[in-house]
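Engineer: Handing you a structure now.
The values are calculated or read from the model by the stated rules, or taken from the named source; none is laboratory data. What you see is a predicted model, and the numbers here were worked out from it, not measured in a lab. Note: ideal-geometry Cβ built from the backbone for every residue, glycine included; neighbour counts use all protein chains shown. For the accessible areas, the whole protein counts, side chains as well, though only heavy atoms, and no ligand, DNA or RNA atoms are used. Shrake-Rupley method; radii C 1.70, N 1.55, O 1.52, S 1.80 Å.
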Amino acid sequence: MKLASRLVLAFALVALFASGITAALVWQAQQQRVHRFLDRDLPRAIEGEPHPPGKPPRFFEQQQRLLRELREANLRAALIALVVALGVGGWLAWRMTRPVSELTRATRRYAEGDRDARARVRGRDELAELARAFNELAERLQSEEELDRRRVADIAHELRTPLQVLKGELEALADGMLDPDPETLERLVEEVDHLALLVGDLRLLSLAESGGLALEPVPYDLAELLARSAEAFSASAEARGVALELDLASAPARIDPARMRQVVFNLIDNALRHARTRVRLGCRLEDGRACLWVADDGPGIPEADLPRVFDRFYRADPARSRSSGGSGLGLAIVRAISEAHGGEATVENREGGGAVFRVCVPAAEAG
């Protein structure tokens with residue numbers, strides 16, 4: 001039985017019960033009053049009135065007729081109450097269940113593939129809140145599906161290039177158009193390495209976004225992490241003609257050093273690709289958080305691109321090729337690992353040019 005039918009039946013039963021109790025009480029009270037009148041008041045009223053032997057007084061007959069009329073009136077009142085309860089109850093049930101029916105239809109449409117299906121929100125009661133929650137869920141699911149489609153398309157695009165290179169080189173080798181010399185084999189190995197790196201980065205991102213990234217946090221000072229990272233990039237920076245500058249203050253945090261090293265390496269590598277003359281690394285404690293930053297003196301990031309620089313495969317400069325601009329996963333990894341540590345990653349442009357990437361994580365407790 002549907003909810004509307006159950007509500008109508010409930011209203012009808014309540015009305016029937018209430019009208020029956022009311023009618024019974026009224027009828028009992030009327031009988032008591034009439035009998036009291038007959039037993040006490042009537043003899044006094046008809047005292048001395050002649051009537052045939054064996055025949056009740058005419059007043060008694062009128063009293064019995066009155067009781068019948070009262071009984072019929074009570075029955076009609078009960079029936080009218082029942083009809084009114086059914087009508088009002090049916091209308092109320094329809095009003096109460098209409099949002100549920102609309103929500104059910106919207107849910108079925110969404111399940112059948114109509115991602116634009118939404119429920120109408122009426123009022124501010126619990127049913128309206130339920131419809132509003134469904135609409136919010138549908139919006140979020142639609143956004144996630146669109147994001148997943150873009151991710152799949154981006155991954156396919158990134159995998160297609162090295163696979164096409166490998167296929168072309170291998171077909172050329174098989175046809176005898178290329179000799180299997182060390183240079184050709186080195187190119188093939190580089191493409192394979194790139195594929196392996198891309199797959200590894202995608203797996204890391206997937207684990208981080210699903211909450212399955214395993215961390216082994218230990219007390220570690222971000223100043224030491226940045227100092228060692230600067231040493232690792234010193235040769236690369238010198239080759240590019242870029243100076244690495246340090247502005248370090250003790251910033252103890254509880255982190256996974258290996259994972260946080262990935263964060264710093266990706267930030268430094270990104271900064272070196274855009275810097276003109278120098279890259280500055282720094283860290284310090286800020287309001288109970290351990291923060292590090294990597295700043296460059298490059299051209300900066302267009303304001304329209306700032307909200308998306310941490311997205312997968314997003315490049316602020318579309319003209320940058322895969323070889324010169326990386327896979328497009330480095331900054332996405334920075335954000336994923338930072339959030340896995342309970343922190344955040346942000347970016348802003350510097351006054352005078354360049355960009356500053358900041359990562360803040362909870363500071364280690366003293367002692």
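Engineer: Would you check which residues across segment 237-285 are out of contact with any strand residue (DSSP E or B) (no Cβ under 7 Å at 6 or more places or on another chain) and acidic (Asp, Glu) and list them?
Structural biologist: Glu238, Asp256, Asp269 - these are the residues of segment 237-285 that are out of contact with any strand residue (DSSP E or B) (no Cβ under 7 Å at 6 or more places or on another chain) and acidic (Asp, Glu).
Engineer: Mind counting the residues in segment 88-132 that are among the acidic types (Asp, Glu), in a loop (DSSP other than H, G, I, E, B) and open to solvent by 100 Å² or more (accessible area, probe 1.4 Å)?
Structural biologist: 2
Engineer: Between a first residue in segment 333-344 that is modelled with pLDDT of 90 or more and a second residue that is among the hydroxyl-bearing types (Ser, Thr, Tyr) and open to solvent by less than 60 Å² (accessible area, probe 1.4 Å), which pairs have beta carbons less than 9 Å apart while being 6 or more apart in sequence or on different chains?
Structural biologist: Sorted first by the residue in segment 333-344, then by its partner, the pairs are Glu344/Ser338.
Engineer: Got a number for residues in segment 210-244 being within 18 Å of Val359 (Cα to Cα) and among the charged types (D, E, K, R)?
Structural biologist: 3
Engineer: Residues that are modelled with pLDDT under 75, closer than 30 Å to Glu183 by Cβ and part of a helix (DSSP H, G or I): does segment 134-155 have at least one?
Structural biologist: Yes: one or more hits.
Engineer: Could you go through segment 198-220 and let me know if any residue there is more than 20 Å from Leu159 (Cα to Cα), hydroxyl-bearing (Ser, Thr, Tyr) and in contact with a strand residue (DSSP E or B) (Cβ under 7 Å, 6 or more places away or on another chain).
Structural biologist: yes
Engineer: Separate question: When segment 299-332 is examined, which residues are found to be modelled with pLDDT under 70 and small (Gly, Ala, Ser)?
Structural biologist: The answer is Ala316, Ala319, Ser321, Ser323, Ser324, Gly325, Gly326, Ser327, Gly328.
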